[in-house]
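First up is the structure itself, then whatever we jot down about it.
Read-outs throughout are calculated quantities, based only on the coordinates presented, and are distinct from any laboratory measurement. If you're wondering where the values come from, they're calculated on a predicted model, not measured in any experiment. A quick note on method: Cβ atoms are made from the backbone with ideal geometry, for glycine too, and the neighbour counts reach across all protein chains shown.
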Amino acid sequence: MHSGTSDEHVKTITLEAFADCIVPGEKRSPDDRAIAGVSTGGGAVQAGALEMLHHDATGITAGLEALVGMLNGHATTYAADKGITLDGDVPPFVALEFDDRCAIIRTLTTPGHPEKDGWVLLSLFCNMAFDSAAHMSTHDAIAQGHPGLLTIGFELPQDDGLWRFADFSYGRQLAKPHPDTTPSGSPA
Amino acid sequence: MTSIESTDVLVVGSGFGGAIAAYHLAAGGAKVVVLERGPWLQAEDFDHDYLLGKSYTKVFDFVAGDGMSVLSGNCVGGGSVVYFAALPRAPRFTFERQGSIGRRMWPKAISRDTLDPWYDRVSQVIPVVQQGWDDISYAGGLWAAACNHAGRTANPVPVGIDKAKCTNCNWMMAGCKFDAKRSLLFNYLPGAVANGAEIRPLHEVQQLERTDDGGYRVRYNQIDEEDYRITVGSGTIDAKIVIMAAGAGATPVILQRSEATLGKMPHAVGRYFSGNGERLNTAIINEDRAREVLGLDRGNGLAYAANQIGKGPVVANWDHLDGSLPEYRRFSLEQLYFPPGLGTILAQAQGADGPTWLGVEKKEMLRRWQSWLTIFQIVEDDNEGVFGPPPPTGNAYRISQQMLGRGPLSYDPTPNTLGAWAAADAEVRDILERDGIATVLPWTNDLVGAYTVHPLASCRIGDDPETSALDDRHELRGHPGIFVTDGSAVPAALTVNPALTISALAERAMPGIVEAARARGINVSYGAPLPTAAVTKPLMRPVTATQGA
């Protein structure tokens with residue numbers, strides 16, 4: 001095991017580094033190793049990817065430790081192949097640069113890769129934490145300024161918590177219909 | 001000796017195929033029980049909330065396969081509760097398709113002309129309405145304007161929506177909170193229940209067996225109402241006839257599992273699956289060009305930036321629905337909303353080394369989410385899906401508490417299908433990238449394969465026993481008394497949204513099914529008036545019941 005890191009810490013920062021590839025964000029502090037810091041604003045980590053992955057409803061939680069071990073194994077192999085010297089203070093995947101981390105994920109999610117299913121699931125839930133905050137109530141997420149919903153510009157609900165858009169249409173004909181349209185509005 | 005429950009007709013699934021069968025058989029006097037795998041939800045239960053466990057995940061079944069993932073309904077009302085209510089009829093040439101078998105795939109008894117009277121009936125019941133341009137969302141308007149700019153046509157799509165109630169909230173995939181979507185909860189299902197049909201939610205059928213009297217014994221598991229991975233009970237019901245309508249992603253799996261008890265299944269059970277040729281493209285609209293080139297203005301300083309606003313697909317381009325074009329070059333292009341959650345990850349950004357679904361460029365693309373326009377291609381695929389050995393229960397190995405599972409479907413697109421998608425991709429680019437209106441990329445097929453919301457053909461009708469599981473009366477070959485009326489009966493991709501065609505086929509099958517039921521000693525007649533649409537109030541689950549009762 002890596003010096004000065006508990007198993008739990010290894011698990012956390014490895015998964016954070018993975019999530020940061022799916023939707024990158026800015027570093028939480030100057031010494032943040034998990035987040036590569038290639039983007040401004042919050043990414044999947046700030047959006048709650050770790051909370052999401054630990055949500056029992058996902059069905060992935062029990063497999064996280066195994067995935068972390070495999071990911072760091074792949075990172076070690078990748079580094080050896082590329083002649084990259086890994087910093088032993090952090091897990092191998094975290095020691096890699098952002099582009100190298102992404103390259104590994106692309107390989108692992110390529111059709112035909114024997115471990116593909118697990119990596120796709122991990123990617124899916126990291127992305128869900130960002131684009132839909134599915135680990136928390138959408139209304140709480142909005143109230144708390146969830147970085148994913150803010151980033152995508154998700155509109156606010158009305159006072160009763162429901163979405164309604166009174167203005168929704170340009171209100172004019174914008175194209176000619178197909179000449180063979182039937183009276184019922186279907187293709188002929 | 002334990003008494004065994006029995007009924008005249010057992011219907012597996014309460015979506016279009018199941019609800020229509022349940023209505024006609026119950027209205028004709030048969031005792032009907034409907035077993036539905038999902039929960040029974042209604043307007044008060046439909047949430048505007050992405051939290052896992054809310055209706056957004058309860059009502060869906062997302063099964064990842066090899067090369068194809070299938071999104072299906074999972075609740076009383078099935079696909080009608082979660083769909084976008086687009087209800088076009090299939091174009092005439094569709095019924096003449098030959099696909100990979102070199103001869104007409106549809107039964108000779110069925111053509112657009114012979115199906116039109118059945119389309120009419122369903123259209124009356126739901127009812128299907130046409131949209132005016134005032135009903136068209138900004139996204140649909142933008143697609144229409146871009147088509148027009150490129151010299152193409154664009155049609156408002158006929159829908160099953162009560163326009164007066166619709167708020168354009170775009171949450172309709174989670175079930176309509178406002179009772180604006182005229183799902184089966186408003187027509188066929190209340191009609192069936194009023195005639196004595198019994199609907200049992202959270203009852204997942206596993207297997208069929210033959211009984212000594214020539215009927216069938218249906219084995220089911222009861223599913224926990226929150227955690228679908230948990231089975232809370234099981235049971236059996238005997239029936240004189242069985243209507244399979246579990247959806248094209250589940251009906252063949254149940255039949256395959258039943259081979260051990262029923263005997264050999266027709267070759268086409270679990271083969272010839274079609275994803276309806278579906279594929280998604282995401283365009284990032286250049287807001288300035290939308291204003292300058294297309295003259296669009298929302299009146300609030302914005303040209304578009306309205307991805308979130310609307311009601312699913314409202315406008316389609318049908319220029320390639322042309323029977324004179326060769327097979328695999330005929331397709332429709334429909335503007336669509338795909339909500340955050342399971343789809344966004346598949347949208348691709350242009351990266352330094354090509355399209356990418358992750359990383360910095362994807363994050364930048366996400367910042368422009370409100371300027372996304374999703375285009376849904378519906379091409380002709382090659383029926384290349386095949387189901388492998390069934391999982392121990394259900395239609396998938398369940399991973400998540402709700403929604404997500406891993407299933408036995410494999411789909412390796414043929415050059416015909418790939419060529420069709422490439423042609424549709426090129427057409428979308430030609431329309432939307434013209435004069436800098438947008439940049440467009442297709443969704444990646446690498447992560448979860450192709451993605452269909454309209455699974456079809458996995459247990460299809462036809463005249464040829466080698467390539468069809470059902471005869472043209474929808475009866476399972478070699479297993480009299482088992483009928484299939486869901487999307488799995490549709491022979492091939494339709495080039496349009498399939499719900500109305502699935503329903504019309506189910507309506508068409510009913511006189512024959514009633515006749516077969518009578519021959520099996522059921523006191524039932526055909527010819528009840530069509531159910532009246534419950535304009536203001538849908539079918540409500542029994543007052544004392546939970547979502548699972």
Rounded to the nearest 500, the 222 nm mean residue ellipticity computed for chain A from DSSP H runs (n ≥ 4, each -39500 (n - 2.57)) alone is -13500 deg cm²/dmol
Per-residue ellipticity at 222 nm attributable to helices in chain B (runs of n ≥ 4 DSSP H, -39500 (n - 2.57) apiece, nearest 500 deg cm²/dmol) works out to -6000 deg cm²/dmol
Rounded to whole angstrom, the alpha-carbon centroid of the range B:255-309 lies from that of the range A:105-129 at a distance of 22 Å
When B:Ser410, B:Ser324 are arranged by how many other beta-carbons sit within 10 Å of their Cβ, fewest first, they go B:Ser324, B:Ser410
Counting lysine pairs in the range B:6-519 that sit 8 or more positions apart or on different chains, with Cα atoms under 23 Å apart, gives 17
Bridge orientation stat for the protein assembly as shown from DSSP, antiparallel percent rounded to 5, came to 70 percent
Rounded to the nearest 10 degrees, the helix A:64-82 long axis (Cα) sits at an angle to the longest Cα principal axis of chain A of 70 degrees
Computed ³J(HN,Hα) along the range B:444-451: with the Karplus parameters 6.51/-1.76/1.60, θ = phi - 60°, integer Hz and x for glycine or proline, the list is 6, 9, 6, 6, 10, x, 5, 10
Taking B:Cys147, B:Cys459 and counting other beta carbon atoms within 10 angstrom, the fewest-first order is B:Cys147, B:Cys459
Computed for the range B:6-519: size of charge dipole around the Cα centre, +1 on C-beta of each Lys and Arg, -1 on C-beta of each Asp and Glu, debye to nearest 20, value 380 debye
In chain B, helical segments from DSSP H whose Cα atoms cover 20 Å or more along their own axis and that average at least 0.5 on the Kyte-Doolittle scale are B:499-519
Quick shape summary for the range B:2-132, equivalent ellipsoid via Cα gyration tensor, semi-axes whole Å in descending order, reads 29, 23, 19
Computed over the range B:184-278, the convex hull of the Cα set has an average projected area, in nm², of 8.6 nm²
Note: A:156-168 gets an average of partner chain Cβ contacts (10 Å, Cβ to Cβ) equal to 6
Projecting the Cα atoms of B:Gly341, B:Val428, B:Val242 onto the charge dipole of the range B:6-519, where Lys and Arg contribute +1 and Asp and Glu -1 at Cβ, the residue farthest towards the positive end is B:Val242
If the chain between A:Ala143 and A:Glu155 were fully extended at 0.36 nm per residue, the gain over the current Cα-Cα distance would be 3.1 nm
Note: B:Ala109 to B:Met540 extended length (0.36 nm per residue) minus current alpha-carbon separation gives 151.3 nm
Expected integer from the mean partner chain Cβ neighbour count at 10 Å over A:18-30 is 2
Distance in Å, no decimals, from the C-alpha centre of the range B:186-228 to the one of the range B:360-407 is 27 Å
Output ordering of A:180-188, B:470-478 (per-residue mean of other Cβ within 10 Å, highest first) is B:470-478, A:180-188
Least to most buried among B:Arg182, A:Arg28, by other C-beta atoms within 10 Å and fewest first, runs A:Arg28, B:Arg182
Taking a ≥ b ≥ c as the square roots of the Cα gyration tensor eigenvalues, with a/c under 1.5 meaning rounded and otherwise prolate when a/b beats b/c or oblate if not, the range A:2-56 comes out oblate
Two pseudo-spin positions, 7 Å from Cα along C-beta at B:Leu302 and at A:Arg172, lie apart in nanometres by 2.0 nm
Against the 2.2 N^0.38 Å rule of thumb, the C-alpha Rg of chain A sits at a ratio of 1.34
Under 5 Å from the placed amide H of B:Ser6, counting only residues 5+ away or on other chains, we find B:Asp238
Shielding of B:266-277 by other chains, given as the mean Cβ count within 10 Å, works out to 0
Using alpha-carbon coordinates alone, the radius of gyration and Dmax of chain B in Å work out to 22.3, 79
Treating only Lys and Arg (+1) and Asp and Glu (-1) as charged, each at its beta carbon, one finds that the protein assembly as shown has a dipole about its Cα centre, in Debye to the nearest 20, of 1860 debye
